[in-house]
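Inspection log for the structure reproduced underneath, given as structure tokens.
Every number here is computed from the coordinates shown, using simple stated rules; none is lab data. No experiment lies behind these values; they were computed from the predicted model shown. Neighbour counts run over all protein chains shown; Cβ positions are idealised from the backbone, glycine included.
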Amino acid sequence: MFRRILIVAGVLLLVVVGAFAAVIAFNAPTAPPTLAAGNSIPGIAQWNFAELPRPQTLKARDGAPINYRLYPGRPERAVVLVHGSSGTDVSMLKLAQALQAAGASVYAISLRGHGGSGTTNGDVSHLGQLDDDLADLVRGLGLDKPGVHRTLIGFSSGGGFVLRIAGGRQAGLFNDYLAISPYIGQDAPTNKPNSGGWAGVAVPRIIVLSLLDGIGLPWFQGVPAVHFATDAKASNSRTPVYSFRLAASLQLGRDWRSVLARISSPTEIVIGANDELFNADQFKPMLQPLNPRIGVTIVPNETHLGMIADPPATAAIAAAWRKLAGD
């Protein structure tokens, strides 16, 4: 009898392993139709890219490059600025300039896996590596010196990353946090289906990899998991596909409610009323029972990408930063 149970258990285990292997191998994300609301920054054709500061590089603890641009302002008012999904620091030009004009020294970074940072487009080496990179950046740039007020600001998936840091083990890295149109979670009331059509997600693959990670098996996490609605190819200018571990390293995770509830540093969210990817009117109701200390500002008439390009939006973000920094 015991032998029969072992045989049945072995067969079931083989079936489960085979099913998991098939999902990991074949459930790749598909590219959604190109979505202008997530792919094309309003007015970018008229930007003067000669205004971009020269790119600079800092080495992370593993020796990989982390690229950034400095918009110098008051040295005691430091902002680390994080781009959105598939982008680079270049996409943050107008917002960086608005923050600089408000008095901040802005370090616009390209996250690992983007803009030539790291070693592989669309990937990191392990879960949580972006958190480690951020700590390396703060120390490497000398932003941890006494008297420096540090604010982490991020847009879209970068906004979700800001909230992840604010509610995580690295919360003490910054004095305060500002999330612009942030991605909270797939099941959050703020999220439109598939982020308004911006993200093609390999859901079965992500579930299997999450289950494996949950039992201490971080296998196959470099496989593609998300394909964004852009026809851009992978390059130092764009990152159309994210691996499982890159996407997971940006996000609050399945326990996003707990992460938001843990945030104790001053934190603000700013979003456009006409955001095509997220439900702007759901942020306040969602946060009220979780963490009413997090402020929410809705900018009238603004779209998702308009938040990093349109003067009324960048002015609202600069004003929110000045409030946080005490200026």
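Here the Karplus relation 6.51 cos²θ - 1.76 cosθ + 1.60, evaluated at θ = phi - 60°, turns the backbone of region 145-153 into coupling constants of 5, x, x, 8, 8, 10, 10, 9, 10 Hz, with x for every Gly and Pro. Annotation: extensible slack from residue 44 through residue 236 equals 67.3 nm (criterion: 0.36 nm per residue apart, minus Cα-Cα distance).
Once backbone amide H atoms are built at 1.01 Å from N, residue 149 has 77, 78 as its partners under 5 Å, excluding neighbours fewer than 5 places away on the same chain.
Dividing the mean sequence gap of close Cα pairs (under 8 Å, 6+ apart) by how many residues the chain holds gives a relative contact order of 22 percent. Can you give the charge dipole size of the chain about its Cα centre, rounded to the nearest 20 debye, using +1 on the beta carbon of Lys and Arg and -1 on the beta carbon of Asp and Glu? Magnitude of the dipole: close to 600 debye. Label zone (residue 212, point 7 Å along Cα-to-C-beta; backbone nitrogen cut-off 16 Å) within region 105-136: 124-127.
For every other residue with a beta carbon closer than 12 angstrom to the beta carbon of residue 179, add +1 if it is Lys or Arg and -1 if Asp or Glu, then tell me the sum. For residues surrounding residue 179, the net value is -1.
Altogether, the Stokes-Einstein calculation at 10 °C and 1.306 mPa s, with the Kirkwood radius of the chain over Cα pairs as Rh, returns a diffusion coefficient of 78 µm²/s.
Quote the FRET efficiency, to the nearest 0.05, computed for residue 273 versus residue 101 with a Förster distance R0 of 30 Å and r equal to the Cβ-Cβ distance. The value I calculate is 0.80. Between residue 258 and residue 139, what's the calculated FRET efficiency when r is the beta-carbon distance and R0 is 22 Å? Round to 0.05. With R0 = 22 Å, the Cβ-Cβ based efficiency is 0.20. Over the chain, how many pairs of lysines fall under 26 Å by alpha carbon, counting only those 8 or more apart in sequence or from different chains? Taking the chain as the scope, the lysine pair count is 8.
Of the residues 206, 181, 220, the one whose Cα sits farthest towards the positive end of the charge dipole of the chain is 220 (charges of +1 on Lys and Arg Cβ, -1 on Asp and Glu Cβ, taken about the Cα centre).
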